[in-house]
Amino acid sequence: FSIVARDAASGDLGIAVQSRRFNVGAVVPWAEAGVGAIATQAFSEPGYGPRALDLLRAGVGAGPALDRLLAADAGAAMRQVAVVDARGGVAVHTGAACIPFAGHRAGDGFAVQGNLLATDRVCDAMARGFERAQGPFPSRLLAALEAGQDAGGDARGRESAALVVVRSVSESEPWRNRA
């Protein structure tokens with residue numbers, strides 16, 4: 001299960017993911033400062049990350065970018081993917097062939113999604129956890145994961161997690177763009 005989000009106050013973008021899958025951070029999260037953030041999971045298609053970033057960089061919004069990815073993918077029914085663009089636009093897809101419990105919720109500047117979940121309450125809990133959390137953006141992303149775990153999490157258990165935050169673009173100090 002994962003969250004992709006944009007912090008409205010700073011423009012920072014982030015992804016937090018937790019899974020029973022080993023080394024989940026190498027496959028699910030993709031982000032670029034000032035461009036967008038993507039989580040690709042279920043029968044993950046890692047090409048969604050760089051392809052979505054290319055589209056977002058070219059000015060295509062989150063919804064049309066995701067539509068293009070899905071239209072070109074014969075395996076879209078097995079995929080789960082969420083995109084947030086640098087303006088806070090959100091698009092999310094849970095394919096009909098994802099393993100239950102599978103689902104997603106979208107909110108203002110964020111989306112949560114999960115598959116192989118222990119209960120159907122995980123996504124709602126994650127959304128509430130993120131919306132209610134206070135403090136720094138990375139802590140709010142982690143609050144969504146903690147809420148999801150408290151609601152049952154991954155039905156297979158826990159093995160790995162990842163947190164990626166990219167800061168809003170700083171033209172004068174580009175080395176500060178990755179937290």
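The values are calculated or read from the model by the stated rules, or taken from the named source; none is laboratory data. Only a predicted model underlies this, so the values are computations on that prediction, with no experimental measurement involved. All Cβ positions, even for glycine, are placed from backbone atoms using ideal geometry, and neighbour counts span all protein chains on display. With ligands, DNA and RNA removed, areas are computed over all heavy atoms of the protein, side chains included. Shrake-Rupley method; radii C 1.70, N 1.55, O 1.52, S 1.80 Å.
Summary table below
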{"read-out": "Search result, residues across segment 1-41 that are more than 12 Å from the chain's Cα centre (by Cα) and not in a loop (DSSP other than H, G, I, E, B)", "value": "Ser19, Val24, Ala26, Glu32"}
{"read-out": "Selection from segment 156-179 of residues that are open to solvent by 30 Å² or more (accessible area, probe 1.4 Å), of a type in the set (Gly, Ala, Ser) and at pLDDT 95 or above", "value": "Ala161"}
{"read-out": "Qualifying residue in segment 10-20 (condition: touching a strand residue (DSSP E or B) at 6+ places or on another chain (Cβ under 7 Å), open to solvent by 20 Å² or more (accessible area, probe 1.4 Å), over 19 Å from Phe130 (Cα atoms) and not polar (S, T, N, Q))", "value": "yes"}
{"read-out": "Residue satisfying all of: in segment 50-84; closer than 14 Å to Glu32 by Cα and aliphatic (A, V, I, L, M); surrounded by the fewest Cβ atoms within 10 Å (Cβ to Cβ) among these", "value": "Ala58"}
{"read-out": "Qualifying position, being hydrophobic (A, V, I, L, M, F, W, C), closer than 19 Å to Ala82 by Cα and at pLDDT 95 or above, among Ala127, Ala118", "value": "Ala127"}
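Residue-wise test of (1) closer than 24 Å to Gly152 by Cα; (2) of a type outside the set (S, T, N, Q).
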site	(1), (2)
Ser2	yes, no
Phe22	yes, yes
Glu32	no, yes
Val35	no, yes
Arg51	no, yes
Asp54	no, yes
Pro64	no, yes
